[in-house]
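Below: the structure, in structure tokens.
Just so it is clear, none of the values below were taken in a lab; they were calculated from the coordinates. These figures come from a predicted structure and were not determined experimentally. When we count neighbours, we look across all protein chains shown, and the Cβ atoms used for this are built from the backbone with ideal geometry, even at glycine.
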Amino acid sequence: MKTTCGQFQETLLSDDFREKSLPLSETEAASAHLAACEDCAREEREMVALLDVLHTRLPRHEPRLDLWAEFAPQMAAVRAEEKLPVWARLRLRAARFWGNVALGAILFTQAVALNTASRLQKYLLVDPFLDPEENT
Ligand SMILES: [Zn+2]
């Protein structure tokens with residue numbers, strides 16, 4: 001079956017071709033037509049070049065929007081903080097500082113408890129009826 005110029009150019013405009021932006025040499029019938037028809041070959045080269053530009057020069061929208069959605073609240077928070085009077089800003093910072101100290105204290109306590117437990121492990125009585133393998 002021979003591909004006509006019309007069929008070929010329809011492929012050129014199809015979604016499949018646009019999505020992949022691959023040269024039509026991928027498909028047999030198209031590449032046969034490309035080899036035979038200079039007009040369509042030129043058409044195809046131009047289309048590939050155009051799609052190349054579109055794909056590489058134009059950034060995709062979604063990631064950009066996602067990034068912005070993530071950043072926007074933080075930016076707003078920073079801006080709002082900058083607008084606060086000095087005393088309010090200091091209080092905010094103090095609250096943050098004490099929050100960090102509290103978190104550090106909790107972690108420190110846990111670390112000490114863990115350390116103590118492992119050090120005292122050898123002093124703990126071992127149930128002689130338990131499987132010794134389980135206690136090691
Ligand atoms: Zn043709």
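For this structure, a couple of remarks:
- Potential lengthening between residue 39 and residue 119 on full extension [0.36 nm per residue; Cα-Cα distance subtracted]: 20.4 nm
- By the count of neighbouring beta-carbon atoms within 10 Å, fewest first, 47, 75 end up ordered 75, 47.
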